[in-house]
Amino acid sequence: MPRCTLPMLGLALLVVGLLSIVLHAQLDDGAPHSSRPTRTGRALGGAAAPQQVPLGSFARVALDVPMASSAASGLAVLVRPESTLLALANFYGKSTLYELDDGLRARRVQSFATAAAHDMEVVELPGGVTQFVCAEYDSKQGSLVFQLQERGAIPPAALAGWPHCTDTQDGCAGWANSGECSRNPGFMDSSCPQVCGTCAGLSGPLVAVQLLPGLGGTSARHLRLPSHAGERLRDLLFVANYKEAAEGVAVYEWSDAEARANGAAGEAGLDSGGGGVAGGGAPGRHEWRRFGHLDLPGAGEFAHCPVASTGEHLVVVSTWFAGGSFTTSSWVLAYDASGREARAAFATRQQLTTHGSHDAECFARAGQTWLLLANGRTDGGSRDVPTRLYRYDACHGCKAASRRFIEEQALPTVGAHDIELVTIGSTLLAVVANGASWSAPSPASADPREHEDAGEAAGERCDNTPVVWRWDDRQSRFFLFQRLEGAAGCATFVRSWRTRGVTRGRLVGAGATGGGENGGGGGRDRGGGGAGEAEDMAEDRLLLAVAIERVAPNATRLEGDARRSPFDASVEVFEWRWFPWDS
């Protein structure tokens, strides 16, 4: 071998080492690298992922009956033994309840009148009570609680005046005669149901049972937190009321004992502005009782962050818009179970600077607590704002007041509106619903919650797709895993669940677990899991539902002689599918 070969070999090894360092740095920045993994576990483009990735991806499911939406602003999923219910909060027109059987055949079950519905939360309570809480932005009285009427059970007592079916506009008759009922169903179903003959669709398994007073309802979240005695969990409900200047967040606690003790209380109906149950106060009646309020304006969402190493329970409140700005503070609150009202039970621990933050999700990995905050927009109109990942510094040995969330990663997202955490075996995925990609600056007097067609003319685009990020335990950060093609538009919410069905390919490991904060289908504060072993068998299948608020202007279509609004969109469904094991 010539003598020059050894130096050349050393130089080659040095170059390879430098390239390896550069490649590692590129992978470590969290930037997108691929749309989905290949079967070998390597990212498309040739770069080896730092950890083995699950050999599968999400694929869009073509439904036989589309699940139509009208400015979809909230989505709740309830898994039942025989089917799955999806409750869709529509900002325009009625909100809708759909049913999907295990064969993913969709059926529209019920439409119910709501006033600019902005969020929907499913709540499963003691005693087999299941409710859907709808945050209503334009209601002059408050948000509504709907109870699910099970087959064969005694129906719950409905609020006085519900179902509400009256024409609310003077021009209803003329509009109906000119064909607006079919041309503009979203607006007409909501404002002119009598002349359009759509009142019958209001009846169904969901019955309005309670009114939660407050103006500008934008978000509702059910959290289970320990009681002072520690023997049971408390069911608390947080409702963000955007138009309430002082009492931005109303907090309720589920109680039947108080209802029994105050028999005649709560007789207020839908038209009275009260918060009780119609016909109310019968012994044994369950209801939400006001626990107090938090002076946090402009709240976007709420998340429960249990810290196993210290025993703390933190509640994170993301802030969308406050004090005339999208650049504001989101809040970390420390929970004290002995507090007798909301402000005593939740004390400020930390403020995090965010930009139009509309969601917060917590998770635990390797004994550490992590927080994701979705950032959606800046005051200048840009939606190109990264979602932030924080690690909780438990600071063992120091006082609780010194413990903080520390930023660890910026995930490139555009108009991020919602985050759904999903686990497949030991793999954690974060699905981000990306909203509008750009918008012109809004006037200072503009209401940031309004859903106006003028936004499109001003330059707002809905050309994004939801993005799936994969957590890497070795590096403690997220990497791009997949883009959900087929869900283009301004996506507002993503929900996951598991159901029974034939799994295509091989299901391995500890199963596919869907859910939000604590896993599981249905409510976002439940646990769940599953297992699978064989190929092409009836096993747990993992599904995602993506609510689209509106489509891009160029996707606006003509149907007959009616121009469909960009807000007439849909809910898209995706299923996790393992790659076949063929070579």
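Just a few scattered comments:
- For region 94-198, the helices (runs of 4 or more DSSP H) that sit wholly inside it and include 2 or more residues that are touching a residue at least 60 places away in the same chain (Cβ under 8 Å) are 180-183, 185-191.
- Annotation: of all residues in region 220-241 being touching a Phe, Trp or Tyr at 6+ places or on another chain (Cβ under 7 Å) and not aliphatic (A, V, I, L, M), the one that is surrounded by the most Cβ atoms within 10 Å (Cβ to Cβ) is Arg221.
- Members of region 385-407 that are more than 30 Å from Val77 (Cβ to Cβ) and touching a strand residue (DSSP E or B) at 6+ places or on another chain (Cβ under 8 Å): Asp393, Ala394, Cys395, Ala400, Ala401, Arg403, Arg404, Ile406, Glu407
Every residue, every condition in (1) out of contact with any Phe, Trp or Tyr (no Cβ under 8 Å at 6 or more places or on another chain); (2) surrounded by fewer than 22 Cβ atoms within 10 Å (Cβ to Cβ), yes or no:
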site: Arg289; (1), (2): no, yes
site: Gly292; (1), (2): yes, yes
site: Gly300; (1), (2): no, no
site: Val307; (1), (2): no, yes
site: His313; (1), (2): no, yes
site: Val317; (1), (2): no, no
site: Ala364; (1), (2): no, yes
site: Leu373; (1), (2): no, no
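- Scanning region 203-231 for residues that are within 26 Å of Thr492 (Cβ to Cβ) and not in a strand (DSSP E or B) turns up Gly204, Pro205, Gly214, Leu215, Gly216.
Residue-by-condition table, conditions (1) part of a helix (DSSP H, G or I); (2) within 27 Å of Thr387 (Cα to Cα); (3) modelled with pLDDT under 90; (4) in contact with a strand residue (DSSP E or B) (Cβ under 6 Å, 6 or more places away or on another chain):
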position: Leu13; (1), (2), (3), (4): yes, no, yes, no
position: Ile21; (1), (2), (3), (4): yes, yes, yes, no
position: Leu27; (1), (2), (3), (4): yes, yes, yes, no
position: Gly45; (1), (2), (3), (4): no, yes, yes, no
position: Gln52; (1), (2), (3), (4): no, yes, yes, no
position: Thr84; (1), (2), (3), (4): no, no, no, yes
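- All positions within region 371-400 that are in a strand (DSSP E or B) and touching a residue at least 40 places away in the same chain (Cβ under 8 Å): Leu371, Leu372, Leu373, Ala374, Asn375, Ser382, Thr387, Leu389, Arg391, Tyr392
- Annotation note: Cβ proximity below 7 Å between a residue of region 225-244 that is more than 30 Å from Gly324 (Cα to Cα) and a residue that is of a type in the set (S, T, N, Q) and at pLDDT 90 or above (sequence gap 6+ or interchain) occurs for His228/Ser338; Leu233/Ser227; Arg234/Ser227.
- Selected residue (only one of Thr348, Thr354 is of a type in the set (Ser, Thr, Tyr), assigned to a strand (DSSP E or B) and surrounded by 23 or more Cβ atoms within 10 Å (Cβ to Cβ)): Thr354
The values are calculated or read from the model by the stated rules, or taken from the named source; none is laboratory data. Please read all numbers here as calculations on a predicted model, not as lab measurements. We place every Cβ from the backbone using ideal geometry, glycine too, and count neighbours over all the protein chains shown.
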